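Below you'll find the structure, written out as structure tokens, and then a few comments.
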4 protein chains.
Amino acid sequence: MRMVRIGVAGASGYAGGELLRLLLAHPEAEIGALTAGGNAGNTLGGLQPHLLPLADRVLEETGAEAFAGHDVVFLALPHGHSAALAAQLGTDTVVIDCGADHRLTDPEAWRRWYGGEHAGSWPYGLPELPGQRAKLTAAKRVAVPGCYPTVASLALAPALAAGLVEPDVVVTAVSGTSGAGKALKPHLLGSEVMGAVSAYGVGGAHRHTPEIAQNLSQAAGRPITVSFTPLLAPMPRGILANCTARTEASAEEILEAYQKAYANEPFIHLLPEGSWPSTAMTLGANTLALQLTVDPDAGRLVVVAAIDNLTKGTAGGAVQCMNLAVGLPETTGLPLTGVAP
Amino acid sequence: MRMVRIGVAGASGYAGGELLRLLLAHPEAEIGALTAGGNAGNTLGGLQPHLLPLADRVLEETGAEAFAGHDVVFLALPHGHSAALAAQLGTDTVVIDCGADHRLTDPEAWRRWYGGEHAGSWPYGLPELPGQRAKLTAAKRVAVPGCYPTVASLALAPALAAGLVEPDVVVTAVSGTSGAGKALKPHLLGSEVMGAVSAYGVGGAHRHTPEIAQNLSQAAGRPITVSFTPLLAPMPRGILANCTARTEASAEEILEAYQKAYANEPFIHLLPEGSWPSTAMTLGANTLALQLTVDPDAGRLVVVAAIDNLTKGTAGGAVQCMNLAVGLPETTGLPLTGVAP
Amino acid sequence: MRMVRIGVAGASGYAGGELLRLLLAHPEAEIGALTAGGNAGNTLGGLQPHLLPLADRVLEETGAEAFAGHDVVFLALPHGHSAALAAQLGTDTVVIDCGADHRLTDPEAWRRWYGGEHAGSWPYGLPELPGQRAKLTAAKRVAVPGCYPTVASLALAPALAAGLVEPDVVVTAVSGTSGAGKALKPHLLGSEVMGAVSAYGVGGAHRHTPEIAQNLSQAAGRPITVSFTPLLAPMPRGILANCTARTEASAEEILEAYQKAYANEPFIHLLPEGSWPSTAMTLGANTLALQLTVDPDAGRLVVVAAIDNLTKGTAGGAVQCMNLAVGLPETTGLPLTGVAP
Amino acid sequence: MRMVRIGVAGASGYAGGELLRLLLAHPEAEIGALTAGGNAGNTLGGLQPHLLPLADRVLEETGAEAFAGHDVVFLALPHGHSAALAAQLGTDTVVIDCGADHRLTDPEAWRRWYGGEHAGSWPYGLPELPGQRAKLTAAKRVAVPGCYPTVASLALAPALAAGLVEPDVVVTAVSGTSGAGKALKPHLLGSEVMGAVSAYGVGGAHRHTPEIAQNLSQAAGRPITVSFTPLLAPMPRGILANCTARTEASAEEILEAYQKAYANEPFIHLLPEGSWPSTAMTLGANTLALQLTVDPDAGRLVVVAAIDNLTKGTAGGAVQCMNLAVGLPETTGLPLTGVAP
């Protein structure tokens, strides 16, 4: 089989950088056009100095022309910028959008949470959700999930799908700072984030809330209410989510549902009994580490799951979807091993 | 007034070090005997090199003799070691126990969570809880709360006391590593904790769970179920807790209850609207920063609160109780200002 | 004695914040006007949330009028902004400049390293340098040293003053990120600095180089060449400097010179034998921790010293100078104890 | 070609874990026996949870029998344990020692720095040093360099080999904590290392000093004196070294020597002008990032270089040597791309 020719729009950001890190190690990938907005014209060496083999590559201006003749185009653009570009890319080009534009199915939710016109929804790129893999196989358009929805949805879907918990879930997720991107904001300065954990987007204010609710409601087959609180921790990468819902089921019963749901999932790792997730287990890997228990005093299922927000939570999940879209084995080129310590 | 002569049992650990840092800046404190277990005979300079003015002080063996003639003795000992020592200290000596031995009122809970015989309960050192300050004024024995119970109880008590939320609360609290003490455990090595968030004691397995439940049940006047998950974050100090419970009240109604409860509390800071807590606000200070909202979609109150686990969460809270016990203004010698950035 | 009325120009930055943290704990300080540039009109609560007792103070526009009737004005302004404001402040107002404008005595050096006209030099605010304390006592104008020059000069001056080392020194200093201020630069984002050490201003390119050379040449009484390399480490505060020069003297001989030089210095701590500095020892304190040895194979003196760049390296040193200027004991209100762990 | 069957002695430590991470991604590697000391009998899942694909592998007792029939055996053992095991492994087994036992050529130096009998020296595994690659090609025994000697030697060898600097060098190197291994020592606790930079092994006391001197003296063809100071920074991985020596040559002249020396080295990256190394560029990669300048005022060459201490500094360097030893292309299976941010 010939190499897959791949372009990346938004190659100077964190998601773009992680896509390139993964594609450089992907045995079937040929890296084609790399584009940017304000950084167009610069070499990648100054912007992504960890990508040594691409140091001399010059970024082009983002636009459809740059991607002519490419098999796959990844979009790692600010929210609201994907739809217009995607419309200009041929329907036989696989377009994989790491942004939010095509994730929500409900136009009303889009308007409430993002504002403006809804660009329509694409197949949702989380193959491990029930029934989702089939929709992604040979897909031409894929909406890659947000990082928080990836971990929260995979942490709770099996219990909800099996009807083992009540439809009212609480998710507290601690994230590294790269989830906020390279934007120059005072609260993202190293001096501010090191040595500190802080809260933001509390009370349903974070845009990933409706996406989590959409996924969980679909898994449960009924509306699920989600209380979601994101926290910022002093680390560049990683998300650890604590997820809970009331239950009358036993831990064994619930564990069985998870084992069944994820038995054949190469990227989802139910930890051995007594071991609880750390984001360190997944750093730079396309994996999710998960453990669960039932707290009998509280009457609650507690599920803790960890991912790397840039890998399984963004770029790794995107490459996984690309593999499905172009007919490669789903795990091709994707690290199963974290970088630790 | 003459100076208060103060001894510290367990001066080589993190709680002992923080007690001494605060006492060195306390205008009425005279630092007397400092004792240790295995570190007895060594100077403090090698063990607590940040405590420059005490560098040449030699640690004595922990025991009642060392504390003869002291007005106040702080116990910063491993759980289970306080009762025996306290029994040998005269009843006119103020004994303030930073350990767990005398926190729980229910002997059954003590046996289940800590094992062994219950040593009985002492006045609980959280003056900001309803009705608690009176019990601490001129007290001769004080049980200083655990760090997680401090932040979780203060975050939720006003809503529960006002009957504004349901009696089923979920608390996820992210802590710095000093909460685990100086014990040499592999998962506490710098290489393991830096760059990572991890979970431990999940599903009600952490010993602070019954203490939180005890406080909240007392505040509510009825039994409260608590789902508590502690997480470990890559920072030396600080706890940020995300606390939630179902509610039908409005944010305004609830905020009013908090404003009323904490109007005269010098160490509790309700943040201005739109500002959410960061542990950085409270580093090294005896303060608690708090913000709340109601998530109408989820039907939940969400309260986020931050403290320094070693200051308000342990040693600062202990000094606050000492002030009450010996008749000093409650804020004497206690920092209201965090060290940031 | 009546309280000293103190104003701070540049109260929204890191140096300004640290000045206020220290002044809040200073028993003779009355905090007067607080001013800012772009942040004027805002309350301090949003800008310096750790300064709880000043949360409601509104920042005024920086200008001489704001400081009328003040005894002391601290300037924490960008380089080049101090001279004009100082000229408008009465000659009986004590003006303490935390910026670089009045540090260098050589106009040529000023032009080369900073550009523009030299504003003239003021008494240099490092009382621990030979002969310097007398110049600061009752001074009306003080130029507070840079953070790197503080630690490097105190680490090497005794050896040079005693003629015990060759006049060619190498200084490598690792700094926390707050030294770079609150400027929004990509390389200062938390995602970039966490988990990484990097170099900048290498080869004599950093503006603190001529200031170090000036101090050391003055101490030695002859020109000293300085190779200075600053590194950035993943921590908010602290500088650790490794300083070396060729020597034929013994470690004992050199140690004696340091003991003599610093015997009565309350803020300089020669560590006990076998103990080496960590920035943790000095966090939030106005202290410098120092240790030295002679490497016989290399024929070199090696001195390692640590400070908190914002405390002894900026704001604490500034308050120390204020104490001298207004006739207070030099240590008044200054922490000798670090915040650790 | 058939797969290379590889064993690892010391698979539960940090070096062993990094070897396995790299070998899992190596296209020609078949992972054979994994052994440990005290951890024998346990599965790798609990000890190296980031190595998901090996979670169920049981560690055997370290000993020659375990490695029968293996093509390559990596030794990641405490110093002093390699020689005995290596002697029992057949002479046609490639043995690659990540420990120090066979690095030093001078028995006297071994006795002084490590104590006990010298086990003899093996080909030194730094192919980028002058003349070294030939000695490693098809070698049956390889002594992998220490992490500090790797970065310091590569940073200075070209200038010394070209006779462009004086034979008296100063190296200050900042390391992440994984360089100290998994040993349970109080100063390696997360609470102690986070937020702090500290010094250790100062004044030539670190065992890597004679190894650096050996390499540089060999490159220069005359004895080189080395002043080496290691510092510990709050990050799990990475070393950044600042290296300087007096020179009368120009920056251009020296740069040319480096360009010539490293023109064909796939893992050594001379950064573009104006860009200085950060350890982030090399995280998890087998690369070294380097920049240099001449400081005309100080009369010194300043070279800054960064590596990942566990990759190029230990396990990656070891795999690079294995590739040379077994006849594979030198870069096989080795990441050229860092994990950033």
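Odds and ends about this structure:
- Only residues that are open to solvent by less than 20 Å² (accessible area, probe 1.4 Å), assigned to a loop (DSSP other than H, G, I, E, B) and in contact with an Asp or Glu (Cβ under 9 Å, 6 or more places away or on another chain) were counted in the stretch C:77-105, giving 4.
- Members of the stretch D:188-200 found to be part of a loop (DSSP other than H, G, I, E, B) and either within 24 Å of C:Asp297 (Cα to Cα) or more than 11 Å from chain C (Cβ to nearest Cβ) (or both), listed by number: D:Tyr200
- Per-region count, the stretch C:114-160, residues hydrophobic (A, V, I, L, M, F, W, C), over 17 Å from C:Phe74 (Cβ atoms), open to solvent by less than 30 Å² (accessible area, probe 1.4 Å) and not in a loop (DSSP other than H, G, I, E, B): 8
- Lone unmet requirement of (1) touching a residue at least 40 places away in the same chain (Cβ under 8 Å); (2) closer than 30 Å to D:Leu290 by Cβ; (3) buried (at least 24 other Cβ atoms within 10 Å of the Cβ) for A:His26: (3)
- All conditions in (1) facing chain C (nearest Cβ under 10 Å); (2) under 24 Å from A:Gly195 (Cα atoms) hold for D:Thr172, with the sole exception of (2).
- Close pairs from the stretch D:266-280: first under 16 Å from C:Tyr200 (Cα atoms), partner of a type in the set (Lys, Arg), Cβ under 9 Å, at least 6 apart: D:Thr279/D:Arg237
- Taken as a whole, the structure leaves D:Ser217 outside the set of residues that are among the hydroxyl-bearing types (Ser, Thr, Tyr) and either out of contact with any helix residue (DSSP H, G or I) (no Cβ under 9 Å at 6 or more places or on another chain) or buried (at least 24 other Cβ atoms within 10 Å of the Cβ) (or both).
- Scanning the stretch D:301-339 for residues that are among the small types (Gly, Ala, Ser), open to solvent by less than 10 Å² (accessible area, probe 1.4 Å) and within 22 Å of A:Pro27 (Cβ to Cβ) yields a count of 2.
Here is a yes/no grid of residues against (1) more than 23 Å from the chain's Cα centre (by Cα); (2) of a type in the set (Gly, Ala, Ser); (3) within 20 Å of D:Gly317 (Cα to Cα):
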position: D:Glu65; (1), (2), (3): yes, no, no
position: D:Leu77; (1), (2), (3): no, no, yes
position: D:Ala86; (1), (2), (3): no, yes, yes
position: D:Asp92; (1), (2), (3): yes, no, no
position: D:Asp101; (1), (2), (3): no, no, yes
position: D:Leu104; (1), (2), (3): no, no, yes
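- For the stretch C:11-23, taking the residues that are in a loop (DSSP other than H, G, I, E, B) and in contact with a strand residue (DSSP E or B) (Cβ under 6 Å, 6 or more places away or on another chain), the one that is surrounded by the fewest Cβ atoms within 10 Å (Cβ to Cβ) is identified as C:Ser12.
- Whichever residue in the stretch B:47-76 is in a helix (DSSP H, G or I) and away from every other protein chain (no Cβ under 14 Å) and, among such residues, is most open to solvent (accessible area, probe 1.4 Å): B:Glu65
- Checking A:Ile31 against (1) in contact with a Gly (Cβ under 9 Å, 6 or more places away or on another chain); (2) closer than 30 Å to A:Val339 by Cβ; (3) in contact (Cβ under 8 Å) with a residue 40 or more places away in the chain, the condition it does not meet: (3)
Per-residue answers, yes or no, for (1) open to solvent by 20 Å² or more (accessible area, probe 1.4 Å); (2) at the interface with chain D (Cβ under 10 Å from one of its Cβ atoms):
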site	(1), (2)
C:Pro186	yes, no
C:Val202	no, yes
C:Thr209	no, yes
C:Ala213	yes, yes
C:Thr225	yes, yes
C:Pro234	no, yes
C:Arg237	no, yes
C:Ala251	yes, yes
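- Residue within the stretch B:254-261 that is open to solvent by less than 20 Å² (accessible area, probe 1.4 Å), part of a loop (DSSP other than H, G, I, E, B) and more than 14 Å from chain C (Cβ to nearest Cβ) present: no
- Residue match in the stretch B:265-280 (condition: within 7 Å of another protein chain (Cβ to nearest Cβ), part of a helix (DSSP H, G or I) and open to solvent by 20 Å² or more (accessible area, probe 1.4 Å)): yes
- B:Ile307 meets each of the listed conditions (1) closer than 26 Å to A:Val304 by Cα; (2) at the interface with chain C (Cβ under 10 Å from one of its Cβ atoms) apart from (2).
- One residue stands out among those in the stretch A:286-300 that are touching a residue at least 40 places away in the same chain (Cβ under 8 Å) and either open to solvent by 20 Å² or more (accessible area, probe 1.4 Å) or out of contact with any strand residue (DSSP E or B) (no Cβ under 9 Å at 6 or more places or on another chain) (or both): the one that is farthest from the other protein chains (Cβ to nearest Cβ), which is A:Val294.
- Search result, residues across the stretch A:175-184 that are more than 9 Å from chain B (Cβ to nearest Cβ) and touching a Pro at 6+ places or on another chain (Cβ under 8 Å): A:Thr177, A:Ser178, A:Lys182, A:Leu184
The values are calculated or read from the model by the stated rules, or taken from the named source; none is laboratory data. Quick caveat: nothing in here was measured; it's all calculated off a predicted structure. Quick reminder, even Gly has a Cβ in these numbers, built from the backbone with ideal geometry, and neighbours come from all protein chains shown. Note: areas computed on protein heavy atoms with side chains; ligands, DNA, RNA excluded. Shrake-Rupley method; radii C 1.70, N 1.55, O 1.52, S 1.80 Å.
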